[in-house]
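Report on the following structure.
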Amino acid sequence: MSSAKAMFIDLDIPDDDPLRPAKIHISTTAPGFRLFNKEGNGIGWESDFIWLIVVNEEDGLDFKILQTIDGKREIQALWKEGELQDTNLRSLLEVDPHWDIYQLRAVVLLQSRVEVQVETLREVGIPERSEGVRQGPWELAAQLRVLELDMLRRAMSALDDQRAALLDSDTVQRYLGLIDDEDTKGEEEQVDFS
């Protein structure tokens, strides 16, 4: 094989997230993300879990405790006042005006996690072959480690490109306060002299 083809890397909700316990409780998706080869030499990623991590109460995520008829309590998840039927938020976030902001948060989080994974693999290195391990399987395992590191390095580069593109988005620039809405209104008014 010339590539690791795909990797699944675990993710955790940060300890400082005030909604962490509720997010963990309601999550129905695998807690991680998948890196995969795209056509050419590109790397893509996908994750349902990350969208739950990157949204917060100020974005519109909320939780309520409901009491059932039999006296038990359960957590209800809400997105902008509407009940969440499942925790795959991507379809709801894609149509939100802040989609670029959510993507940027996800990419930054993934970058950080990929960097940690690279460092972990570098520290561990390729273990020495012990007596009980045959030469062929050991060589395959060592080759897989090399391919995984290569995929992670390419992922870091792809995520850097995604982050740069998202930082150029008008939505992100407004959110970060780099573009003032008054400036854009003034430009529009100046263009139309009729």
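Brief remarks on what is shown
- Residue in the stretch 68-83 that is surrounded by fewer than 20 Cβ atoms within 10 Å (Cβ to Cβ), assigned to a strand (DSSP E or B) and β-branched (Val, Ile, Thr) present: yes
- Of the residues in the stretch 101-117, not one is at pLDDT 90 or above, aliphatic (A, V, I, L, M) and more than 17 Å from the chain's Cα centre (by Cα).
- One residue alone among Leu166, Leu140 is modelled with pLDDT under 90, under 30 Å from Lys5 (Cβ atoms) and assigned to a helix (DSSP H, G or I), and that residue is Leu140.
- Of the candidates Ala30, Ala4, the single residue that is closer than 19 Å to Arg90 by Cα and either more than 12 Å from the chain's Cα centre (by Cα) or in contact (Cβ under 8 Å) with a residue 40 or more places away in the chain (or both) is Ala30.
- Selection status of Arg73, more than 30 Å from Leu147 (Cα to Cα) and in contact with a strand residue (DSSP E or B) (Cβ under 9 Å, 6 or more places away or on another chain): yes
- Candidates in the stretch 84-100 are the residues that are exposed (fewer than 11 other Cβ atoms within 10 Å of the Cβ) and closer than 19 Å to Glu46 by Cβ; of these, the one that is farthest from the chain's Cα centre (by Cα) is Val95.
- Long-range neighbours under 8 Å by Cβ, at least six apart or interchain, first residue under 25 Å from Leu167 (Cβ atoms) within the stretch 73-100, second of a type in the set (S, T, N, Q): Pro97/Thr171; His98/Thr171; Trp99/Thr171; Asp100/Ser169; Asp100/Thr171
- Positions within the stretch 8-32 being farther than 20 Å from Glu58 by Cβ, surrounded by 15 or more Cβ atoms within 10 Å (Cβ to Cβ) and at pLDDT 95 or above, in sequence order: Ile9, Leu11, Pro31, Gly32
The values are calculated or read from the model by the stated rules, or taken from the named source; none is laboratory data. No experiment lies behind these values; they were computed from the predicted model shown. Methodologically, a virtual Cβ is constructed for each residue, glycine included, from the backbone with ideal geometry; neighbour enumeration extends over all protein chains shown.
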